[in-house]
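Peer 1: Below is a structure I'd like to ask you about.
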Amino acid sequence: AFSDGGFAATQMWDKNSMFPFVALRLLFEMDTGWVWEWNPKSGFRKVPDSEGSMPNGIASSPDDRFLFVNHYAGDRMVKIDRENGAVVG
């Protein structure tokens, strides 16, 4: 949750994809999902460059500037700048 009343959430994979296709992507640690952000003024937006392998788990920095996203099947966590989507850590 953010101080402006918004929030962020992960989408682990495209729900329109057939699961065998998703499973193959997981096997090779390819991107399957991304991060959504919602705020009261503009609604939902996909966070730029937030794609990863089975993103599942998210937190924000106390100042709301960064998102920390766990890429479960990719065995990594990334730090994303919310303003421009850059992976900074």
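The values are calculated or read from the model by the stated rules, or taken from the named source; none is laboratory data. Given the structure is predicted, the values throughout are model-derived calculations rather than measurements. When we count neighbours, we look across all protein chains shown, and the Cβ atoms used for this are built from the backbone with ideal geometry, even at glycine. We work out accessible area using only protein heavy atoms, side chains counted, and drop any ligands, DNA or RNA first. Shrake-Rupley method; radii C 1.70, N 1.55, O 1.52, S 1.80 Å.
Peer 1: Once Lys and Arg get +1 and Asp and Glu get -1 on their Cβ, which of 60, 20, 78 lies farthest toward the positive end of the dipole of the chain?
Peer 2: 20
Peer 1: Of all accessible surface on the chain at a 1.4 Å probe, what whole percent is carbon and sulfur?
Peer 2: The value for the chain is 57 percent carbon and sulfur by accessible area.
Peer 1: A further question follows. Can you tell me the dipole magnitude for the chain around its Cα centre, using point charges on the Cβ only (Lys, Arg +1; Asp, Glu -1), in Debye to the nearest 20? It would help to have the intermediate numbers written out before the result.
Peer 2: Details: 9 positive and 12 negative charges, 35 e Å.
Rounded to the nearest 20 debye, it is 160 debye.
Peer 1: A further question follows. Remind me, relative contact order of the stretch 23-80 in percent, using alpha carbon pairs under 8 angstrom and six or more residues apart?
Peer 2: Result for the stretch 23-80 is 27 percent.
Peer 1: Mind checking the stretch 6-37 for chymotrypsin sites (Phe, Trp or Tyr not before Pro) that DSSP puts in a loop (not H, G, I, E or B) and that have at most 13 other Cβ atoms within 10 Å?
Peer 2: Counting only loop positions with at most 13 other Cβ atoms within 10 Å, the chymotrypsin sites (Phe, Trp or Tyr not before Pro) in the stretch 6-37 are 28.
Peer 1: If you don't mind, another one. Ignoring ligands and nucleic acids, what accessible area does residue 51 show with a 1.4 Å probe (Å², nearest 10)?
Peer 2: 60 Å²
Peer 1: Moving to a separate point now. Once both labels are modelled 7 Å past Cα along the beta-carbon direction, what's the residue 75-residue 61 spacing in nm?
Peer 2: Result for the modelled spin labels: 2.8 nm.
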